[in-house]
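Novice: Would you mind keeping the following structure in view while I ask a few things?
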Amino acid sequence: MKEQVDVDNLPKHIAVIMDGNGRWAKQRGGLRIFGHQNAVKAVRDTVEGAAELGVKYLTLYAFSTENWNRPAMEVSALMQLLVSTIRKETATLNKNDIRLKTIGHTASLPDACQQELQEAMELTSQNSRMTLVLALSYSGRWDMTQAVQRLAQDVGHGIVAADAITEATISQYLSTAGMPDPELLIRTSGEQRISNFLLWQLAYTELYITDLLWPDFRKEHLYEAIVAYQRRERRFGKTSEQLIK
Ligand code: IPE
Ligand code: IPE
Ligand code: MG
(Lines give C-alpha, C1' and ligand atoms only; values in the text may rest on other atoms or scores of the structure.)
(Ligands and ions follow the chains in the order given, each with its own letter.)
Protein backbone atom coordinates (compact mmCIF):
# COMPACT_ATOMS: atom_id res chain seq x y z
CA MET A 1 0.00 0.00 0.00
CA LYS A 2 2.78 2.45 0.89
CA GLU A 3 4.15 2.27 -2.66
CA GLN A 4 0.74 3.39 -3.98
CA VAL A 5 0.89 6.66 -2.04
CA ASP A 6 1.92 9.56 -4.29
CA VAL A 7 4.33 11.46 -2.04
CA ASP A 8 4.16 14.50 -4.32
CA ASN A 9 0.42 14.83 -3.68
CA LEU A 10 0.23 14.29 0.08
CA PRO A 11 -2.32 16.07 2.23
CA LYS A 12 -0.38 18.64 4.27
CA HIS A 13 -2.84 18.24 7.12
CA ILE A 14 -4.75 15.10 8.10
CA ALA A 15 -7.37 15.20 10.86
CA VAL A 16 -8.62 12.04 12.58
CA ILE A 17 -11.72 11.29 14.65
CA MET A 18 -10.41 8.31 16.60
CA ASP A 19 -13.64 6.48 17.34
CA GLY A 20 -14.71 2.98 18.38
CA ASN A 21 -12.57 2.21 21.44
CA GLY A 22 -15.59 1.31 23.56
CA ARG A 23 -17.02 -1.06 20.94
CA TRP A 24 -13.60 -2.64 20.43
CA ALA A 25 -13.44 -3.44 24.16
CA LYS A 26 -17.04 -4.64 24.28
CA GLN A 27 -16.36 -7.11 21.45
CA ARG A 28 -13.67 -8.60 23.69
CA GLY A 29 -15.80 -8.57 26.82
CA GLY A 30 -13.68 -5.83 28.40
CA LEU A 31 -14.41 -2.48 30.01
CA ARG A 32 -14.42 0.64 27.82
CA ILE A 33 -11.10 1.73 29.30
CA PHE A 34 -9.50 -1.45 27.93
CA GLY A 35 -10.36 -0.06 24.49
CA HIS A 36 -8.79 3.31 25.31
CA GLN A 37 -5.62 1.57 26.52
CA ASN A 38 -5.39 -0.30 23.24
CA ALA A 39 -5.91 2.90 21.28
CA VAL A 40 -2.41 4.09 22.20
CA LYS A 41 -0.83 1.61 19.78
CA ALA A 42 -2.97 2.96 16.94
CA VAL A 43 -1.97 6.52 17.81
CA ARG A 44 1.73 5.62 17.86
CA ASP A 45 1.54 3.81 14.51
CA THR A 46 -0.48 6.56 12.82
CA VAL A 47 1.81 9.33 14.07
CA GLU A 48 4.88 7.44 12.91
CA GLY A 49 3.31 6.59 9.54
CA ALA A 50 2.24 10.17 8.84
CA ALA A 51 5.65 11.58 9.80
CA GLU A 52 7.52 9.02 7.67
CA LEU A 53 5.46 9.94 4.61
CA GLY A 54 6.04 13.67 5.05
CA VAL A 55 2.64 14.85 6.28
CA LYS A 56 3.19 18.23 8.00
CA TYR A 57 0.22 18.34 10.40
CA LEU A 58 -1.71 15.52 12.04
CA THR A 59 -4.63 16.52 14.27
CA LEU A 60 -6.12 13.84 16.51
CA TYR A 61 -9.51 14.30 18.18
CA ALA A 62 -8.72 12.79 21.56
CA PHE A 63 -11.37 14.28 23.87
CA SER A 64 -14.34 16.42 22.93
CA THR A 65 -16.21 19.04 24.94
CA GLU A 66 -19.14 16.61 24.96
CA ASN A 67 -16.96 13.76 26.29
CA TRP A 68 -17.00 15.51 29.71
CA ASN A 69 -20.53 14.10 29.98
CA ARG A 70 -19.28 10.50 30.13
CA PRO A 71 -19.21 8.61 33.46
CA ALA A 72 -16.69 10.21 35.83
CA MET A 73 -14.69 6.99 36.05
CA GLU A 74 -14.16 6.86 32.29
CA VAL A 75 -13.20 10.54 32.16
CA SER A 76 -10.63 10.18 34.91
CA ALA A 77 -9.21 7.01 33.37
CA LEU A 78 -8.83 8.84 30.04
CA MET A 79 -7.03 11.73 31.75
CA GLN A 80 -4.65 9.36 33.52
CA LEU A 81 -3.98 7.55 30.26
CA LEU A 82 -3.23 10.89 28.63
CA VAL A 83 -0.66 11.78 31.29
CA SER A 84 1.10 8.40 31.20
CA THR A 85 1.13 8.26 27.39
CA ILE A 86 2.56 11.76 26.97
CA ARG A 87 5.23 10.96 29.55
CA LYS A 88 6.19 7.74 27.76
CA GLU A 89 6.07 9.09 24.21
CA THR A 90 7.85 12.45 24.45
CA ALA A 91 11.28 10.90 23.83
CA THR A 92 9.97 9.16 20.70
CA LEU A 93 8.45 12.42 19.47
CA ASN A 94 11.85 14.06 19.84
CA LYS A 95 13.60 11.19 18.13
CA ASN A 96 11.18 11.50 15.20
CA ASP A 97 11.47 15.31 15.09
CA ILE A 98 7.76 15.81 15.88
CA ARG A 99 6.41 18.91 17.62
CA LEU A 100 3.45 18.53 19.98
CA LYS A 101 0.66 21.11 20.13
CA THR A 102 -2.83 21.13 21.60
CA ILE A 103 -6.09 22.77 20.62
CA GLY A 104 -9.11 23.03 22.88
CA HIS A 105 -10.09 24.35 26.27
CA THR A 106 -7.08 22.74 27.96
CA ALA A 107 -7.52 24.91 31.07
CA SER A 108 -10.38 22.56 32.02
CA LEU A 109 -8.07 19.51 32.08
CA PRO A 110 -6.75 18.28 35.44
CA ASP A 111 -3.56 20.09 36.58
CA ALA A 112 -1.40 16.98 36.11
CA CYS A 113 -2.49 16.77 32.46
CA GLN A 114 -1.84 20.43 31.85
CA GLN A 115 1.64 20.17 33.36
CA GLU A 116 2.54 17.05 31.40
CA LEU A 117 1.33 18.61 28.15
CA GLN A 118 3.15 21.87 28.83
CA GLU A 119 6.41 20.02 29.45
CA ALA A 120 6.05 17.85 26.34
CA MET A 121 5.25 20.90 24.19
CA GLU A 122 8.32 22.72 25.49
CA LEU A 123 10.58 19.70 25.01
CA THR A 124 9.41 19.23 21.40
CA SER A 125 9.02 22.90 20.43
CA GLN A 126 12.11 22.95 18.19
CA ASN A 127 11.07 19.91 16.13
CA SER A 128 10.02 20.54 12.56
CA ARG A 129 9.31 17.36 10.61
CA MET A 130 5.64 17.21 11.61
CA THR A 131 3.29 18.92 14.07
CA LEU A 132 1.10 16.57 16.07
CA VAL A 133 -1.97 18.42 17.29
CA LEU A 134 -4.02 16.86 20.09
CA ALA A 135 -7.58 18.16 20.27
CA LEU A 136 -8.42 18.05 23.98
CA SER A 137 -11.61 19.36 25.50
CA TYR A 138 -12.15 20.56 21.96
CA SER A 139 -15.24 21.25 19.92
CA GLY A 140 -15.75 23.25 16.75
CA ARG A 141 -18.38 25.44 18.37
CA TRP A 142 -16.11 26.09 21.37
CA ASP A 143 -13.38 27.14 18.94
CA MET A 144 -15.66 29.52 17.04
CA THR A 145 -17.00 30.98 20.29
CA GLN A 146 -13.56 31.72 21.71
CA ALA A 147 -12.54 33.21 18.34
CA VAL A 148 -15.57 35.51 18.26
CA GLN A 149 -14.94 36.61 21.86
CA ARG A 150 -11.32 37.55 21.18
CA LEU A 151 -12.12 39.16 17.85
CA ALA A 152 -14.92 41.22 19.40
CA GLN A 153 -12.49 42.39 22.10
CA ASP A 154 -9.94 43.42 19.48
CA VAL A 155 -12.62 45.28 17.54
CA GLY A 156 -13.64 47.01 20.79
CA HIS A 157 -10.03 48.04 21.42
CA GLY A 158 -9.68 49.37 17.89
CA ILE A 159 -7.07 46.74 16.93
CA VAL A 160 -9.28 45.34 14.15
CA ALA A 161 -11.83 47.27 12.09
CA ALA A 162 -15.15 45.39 11.90
CA ASP A 163 -15.53 45.98 8.17
CA ALA A 164 -11.99 44.69 7.56
CA ILE A 165 -12.79 41.22 8.93
CA THR A 166 -12.19 38.59 6.24
CA GLU A 167 -12.29 34.80 6.23
CA ALA A 168 -8.53 34.91 6.81
CA THR A 169 -9.07 37.05 9.93
CA ILE A 170 -11.47 34.46 11.33
CA SER A 171 -8.99 31.66 10.62
CA GLN A 172 -6.34 33.59 12.56
CA TYR A 173 -8.52 33.73 15.67
CA LEU A 174 -9.33 30.02 15.63
CA SER A 175 -7.13 27.69 17.68
CA THR A 176 -5.67 26.30 14.44
CA ALA A 177 -4.21 29.69 13.45
CA GLY A 178 -1.22 29.32 11.16
CA MET A 179 -2.10 25.76 10.16
CA PRO A 180 -3.49 24.83 6.73
CA ASP A 181 -7.06 23.44 6.73
CA PRO A 182 -7.10 19.62 6.66
CA GLU A 183 -7.36 18.17 3.15
CA LEU A 184 -8.37 14.79 4.58
CA LEU A 185 -10.52 13.78 7.56
CA ILE A 186 -10.46 10.15 8.65
CA ARG A 187 -13.13 8.77 10.97
CA THR A 188 -13.04 5.23 12.26
CA SER A 189 -15.92 3.04 13.51
CA GLY A 190 -18.28 3.85 10.65
CA GLU A 191 -20.12 6.80 12.23
CA GLN A 192 -21.07 9.31 9.57
CA ARG A 193 -20.84 12.56 11.46
CA ILE A 194 -18.43 15.35 12.39
CA SER A 195 -19.24 15.24 16.15
CA ASN A 196 -18.45 18.93 16.63
CA PHE A 197 -14.85 18.61 15.40
CA LEU A 198 -13.17 21.31 13.27
CA LEU A 199 -16.32 22.92 11.83
CA TRP A 200 -14.84 25.94 10.05
CA GLN A 201 -11.65 24.19 9.00
CA LEU A 202 -13.42 21.18 7.42
CA ALA A 203 -15.34 23.33 4.91
CA TYR A 204 -13.76 21.58 1.88
CA THR A 205 -12.08 18.59 3.48
CA GLU A 206 -12.38 15.14 1.88
CA LEU A 207 -14.11 12.77 4.30
CA TYR A 208 -12.91 9.18 4.63
CA ILE A 209 -14.93 6.91 6.89
CA THR A 210 -13.85 3.37 7.67
CA ASP A 211 -15.72 0.69 9.65
CA LEU A 212 -12.48 -0.28 11.36
CA LEU A 213 -12.47 0.44 15.10
CA TRP A 214 -9.72 2.83 16.20
CA PRO A 215 -7.61 0.33 18.25
CA ASP A 216 -7.22 -1.72 15.02
CA PHE A 217 -6.06 1.24 12.92
CA ARG A 218 -2.46 0.99 11.63
CA LYS A 219 -0.11 2.66 9.12
CA GLU A 220 -1.45 0.53 6.27
CA HIS A 221 -4.94 1.94 6.92
CA LEU A 222 -3.53 5.45 6.86
CA TYR A 223 -1.97 4.67 3.47
CA GLU A 224 -5.34 3.31 2.26
CA ALA A 225 -7.05 6.53 3.31
CA ILE A 226 -4.43 8.68 1.58
CA VAL A 227 -4.62 6.62 -1.63
CA ALA A 228 -8.44 6.98 -1.59
CA TYR A 229 -8.03 10.74 -1.08
CA GLN A 230 -5.59 10.95 -3.99
CA ARG A 231 -8.13 9.28 -6.30
CA ARG A 232 -10.77 11.90 -5.55
CA GLU A 233 -11.45 14.85 -7.82
CA ARG A 234 -11.41 18.00 -5.71
CA ARG A 235 -13.47 20.46 -7.73
CA PHE A 236 -14.03 23.27 -5.22
CA GLY A 237 -17.22 24.21 -7.02
CA LYS A 238 -15.75 24.17 -10.51
CA THR A 239 -16.63 21.72 -13.29
CA SER A 240 -14.56 18.67 -14.01
CA GLU A 241 -13.62 20.10 -17.43
CA GLN A 242 -12.20 23.22 -15.85
CA LEU A 243 -9.79 21.13 -13.77
CA ILE A 244 -8.33 19.23 -16.73
CA LYS A 245 -7.28 22.44 -18.50
C1 IPE B 1 -13.26 7.13 20.97
O2 IPE B 1 -13.85 5.89 21.28
C3 IPE B 1 -12.47 7.69 22.13
C4 IPE B 1 -13.06 8.88 22.75
C5 IPE B 1 -14.13 9.51 22.36
C6 IPE B 1 -12.36 9.42 23.91
P7 IPE B 1 -15.22 5.81 22.06
O8 IPE B 1 -14.94 5.78 23.52
O9 IPE B 1 -16.16 6.86 21.61
O10 IPE B 1 -15.74 4.38 21.60
P11 IPE B 1 -17.23 4.00 21.13
O12 IPE B 1 -17.63 4.97 20.07
O13 IPE B 1 -18.10 4.09 22.33
O14 IPE B 1 -17.09 2.61 20.60
C1 IPE C 1 -15.91 11.93 18.89
O2 IPE C 1 -16.26 10.65 19.28
C3 IPE C 1 -14.91 12.51 19.84
C4 IPE C 1 -13.58 11.90 19.85
C5 IPE C 1 -13.17 10.95 19.04
C6 IPE C 1 -12.67 12.41 20.82
P7 IPE C 1 -17.56 10.38 20.16
O8 IPE C 1 -17.66 8.91 20.31
O9 IPE C 1 -17.53 11.18 21.38
O10 IPE C 1 -18.69 10.96 19.19
P11 IPE C 1 -20.23 10.58 19.06
O12 IPE C 1 -20.81 10.59 20.44
O13 IPE C 1 -20.32 9.24 18.40
O14 IPE C 1 -20.78 11.66 18.17
MG1 MG D 1 -17.48 6.99 20.09
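Novice: Only one of K41, K12 is within 13 Å of R218 (Cβ to Cβ) and either open to solvent by 80 Å² or more (accessible area, probe 1.4 Å) or β-branched (V, I, T) (or both); which? If you could, list the steps in order and put the result at the bottom.
Specialist: Numbers: K12 fails: within 13 Å of R218 (Cβ to Cβ).
Answer to the selection: K41.
Novice: Has the range 58-72 got at least one residue that is farther than 18 Å from N196 by Cα, without any contact (Cβ under 8 Å) to a residue 40 or more places away in the chain and either away from ligand 3 (no atom under 15 Å from the Cβ) or not in a helix (DSSP H, G or I) (or both)?
Specialist: yes
Novice: Right, another one. Please work out which residue is surrounded by the fewest Cβ atoms within 10 Å (Cβ to Cβ), limiting yourself to the range 15-37 and to residues that are away from ligand 2 (no atom under 15 Å from the Cβ) and in a helix (DSSP H, G or I).
Specialist: Q27
Novice: OK, next. Out of all the residues in the range 197-225, which are closer than 16 Å to Y138 by Cα, surrounded by 18 or more Cβ atoms within 10 Å (Cβ to Cβ) and away from ligand 2 (no atom under 14 Å from the Cβ)?
Specialist: Across the range 197-225, the qualifying residue is only Q201.
Novice: Every residue in the range 109-138 that is closer than 16 Å to E89 by Cβ, exposed (fewer than 14 other Cβ atoms within 10 Å of the Cβ) and among the hydroxyl-bearing types (S, T, Y), please.
Specialist: S125, the sole residue that qualifies.
Novice: How about the range 149-196: which of its residues are open to solvent by less than 50 Å² (accessible area, probe 1.4 Å), part of a helix (DSSP H, G or I) and of a type in the set (K, R)?
Specialist: none
The values are calculated or read from the model by the stated rules, or taken from the named source; none is laboratory data. Predicted, not measured: the structure shown is a model, and the values here were computed from it. A quick note on method: Cβ atoms are made from the backbone with ideal geometry, for glycine too, and the neighbour counts reach across all protein chains shown. These area figures cover heavy atoms from the full protein model, side chains too; ligands, DNA and RNA do not enter into them. Shrake-Rupley method; radii C 1.70, N 1.55, O 1.52, S 1.80 Å.
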